[in-house]
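Step one of this worksheet: look at the structure below.
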Amino acid sequence: MSAVPQALPSDAPLIELDRASVTRGQVRVLHELSLSIAMGQHTAILGPNGCGKSSFIKLITRELYPLARAGGDAPVKVLGQTRWQVDRLRSQLGIVTGDLSGNLADMPGLSVESAVISGFFASYVVPPHREVTDAMRERAREALTLARALPLLERPYAELSAGETRRVLIARALVNRPQALLLDEPSTGLDLIARQHLVDTMRDLARQGITLVLVTHHIEEIVPEIERVVLLRGGRIFADGHREALLRDEPLSAVFDGPVRVDHDGERYSARVGG
């Protein structure tokens with residue numbers, strides 16, 4: 001499978017925020033956030049619960065909108081567009097969130113193959129009036145192979161483990177051969193083995209040329225291919241730089257508001273609460 005699709009017609013950033021502010025209810029959750037992520041620039045957005053990570057994701061999925069302001073550039077652009085439909089971007093940017101898993105699991109009799117093929121149609125099931133072609137089935141198998149999930153092809157989706165559903169959701173996004181993946185807390189609920197399988201899958205995708213934008217609070221998920229780290233705290237960017245500079249005791253202790261000790265073993269990082 002060739003995971004790298006045709007080049008974009010422009011060199012616009014994958015994601016661009018220009019002083020984007022967001023309120024939820026009466027609370028401002030993002031404070032004039034400015035951030036540009038280029039295609040090909042693997043990036044991790046790291047921070048504790050409540051730091052604004054979910055609001056960032058929802059800006060991209062258009063579940064939240066930035067506060068309007070007079071004049072100037074648009075606060076949020078995706079691939080150079082100020083207005084976009086997520087389903088129409090799926091051949092360039094695949095989005096993997098945990099919210100989708102529950103919706104798919106509620107679909108009666110949904111197989112893994114059908115769950116992946118539904119990604120072609122941006123729906124939870126294959127629409128009854130749409131034909132599933134042999135080419136689509138082959139693409140589904142290719143995507144499942146890339147996500148290390150091909151043995152799950154004929155399994156009922158609702159019977160999968162948490163780790164298996166993550167791999168299938170990644171395959172569902174990959175079926176459109178996107179140039180980039182936005183991954184929202186992908187290891188939530190995974191055991192140690194399932195998390196390692198996820199990490200291995202992310203490394204494979206990065207080597208295939210797929211840009212990774214990882215939103216997480218686990219530094220163990222930040223694979224070596226991800227060199228840029230953005231630390232969020234209180235809806236603001238606390239720091240933005242190279243992994244070696246930011247995956248350290250001092251900046252992470254400040255961001256997580258408590259003593260954090262980072263262990264570094266070659267390419268692998270892990271964190272624990274320190275004294």
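Here are a few things to note about the model shown:
- Residue check, ALA173 in contact with an Asp or Glu (Cβ under 9 Å, 6 or more places away or on another chain) and either under 19 Å from VAL199 (Cβ atoms) or free of Cβ contacts under 8 Å to residues at least 12 places away in the same chain (or both): no
- Residues satisfying the stated conditions in segment 123-151, i.e. part of a helix (DSSP H, G or I) and either of a type in the set (S, T, N, Q) or more than 22 Å from the chain's Cα centre (by Cα) (or both): ASP134, ALA135, MET136, ARG137, GLU138, THR145, PRO151
- Within segment 244-257, no residue satisfies the criterion of being buried (at least 19 other Cβ atoms within 10 Å of the Cβ) and farther than 16 Å from ARG233 by Cα.
- Meets criteria (modelled with pLDDT of 95 or more, within 25 Å of ILE222 (Cβ to Cβ) and of a type outside the set (Asp, Glu)) for ILE57: no
- Qualifying residue in segment 65-77 (condition: buried (at least 19 other Cβ atoms within 10 Å of the Cβ) and either modelled with pLDDT under 90 or assigned to a strand (DSSP E or B) (or both)): yes
- Of the residues examined, PRO48 is one that is under 29 Å from GLU220 (Cα atoms) and either of a type in the set (A, V, I, L, M, F, W, C) or outside any helix (DSSP H, G or I) (or both).
- Any hit, segment 89-98, residues being in contact with a strand residue (DSSP E or B) (Cβ under 6 Å, 6 or more places away or on another chain), charged (D, E, K, R) and surrounded by 16 or more Cβ atoms within 10 Å (Cβ to Cβ): no
- Considering residues of segment 78-89 that are modelled with pLDDT of 80 or more and not basic (Lys, Arg) only, the residue farthest from LEU181 (Cα to Cα): THR82
- Count of segment 101-128 residues which are surrounded by fewer than 18 Cβ atoms within 10 Å (Cβ to Cβ) and either aromatic (Phe, Trp, Tyr) or in contact (Cβ under 8 Å) with a residue 60 or more places away in the chain (or both): 3
- Flag if GLY94 is within 21 Å of VAL230 (Cβ to Cβ), in a loop (DSSP other than H, G, I, E, B) and either at pLDDT 90 or above or among the basic types (Lys, Arg) (or both): no
- Annotation: of all residues in segment 153-191 being among the acidic types (Asp, Glu) and part of a loop (DSSP other than H, G, I, E, B), the one that is farthest from VAL116 (Cα to Cα) is ASP191.
- Residue in segment 18-25 that is hydrophobic (A, V, I, L, M, F, W, C), modelled with pLDDT of 90 or more, touching a Leu at 6+ places or on another chain (Cβ under 9 Å) and in a strand (DSSP E or B) present: yes
- When restricted to residues that are in contact with a Pro (Cβ under 9 Å, 6 or more places away or on another chain) and farther than 25 Å from ILE193 by Cα, segment 218-240 contains 5.
- Filtered residues of segment 167-197 (kept if closer than 20 Å to HIS42 by Cβ and hydrophobic (A, V, I, L, M, F, W, C)): LEU169, ILE170, ALA171, ALA173, LEU174, ALA180, LEU181, LEU182, LEU183
- Checking each residue in segment 50-89 for being touching a residue at least 60 places away in the same chain (Cβ under 8 Å) and aromatic (Phe, Trp, Tyr) picks out only PHE56.
- The sole residue among ASP240, ASP263 that is modelled with pLDDT of 95 or more and part of a strand (DSSP E or B) is ASP240.
- Segment 97-122: number of residues that are in a helix (DSSP H, G or I) and aromatic (Phe, Trp, Tyr): 1
- Residue count, segment 221-237 (criterion: outside any loop (DSSP other than H, G, I, E, B) and crowded, with 17+ Cβ neighbours inside 10 Å): 8
- Of all residues in segment 206-217, exactly one satisfies the criterion of being more than 12 Å from the chain's Cα centre (by Cα) and crowded, with 19+ Cβ neighbours inside 10 Å, namely HIS217.
The values are calculated or read from the model by the stated rules, or taken from the named source; none is laboratory data. Predicted, not measured: the structure shown is a model, and the values here were computed from it. Because the Cβ atoms are built from the backbone with ideal geometry, glycine has one as well, and the counts that use them run over all protein chains shown.
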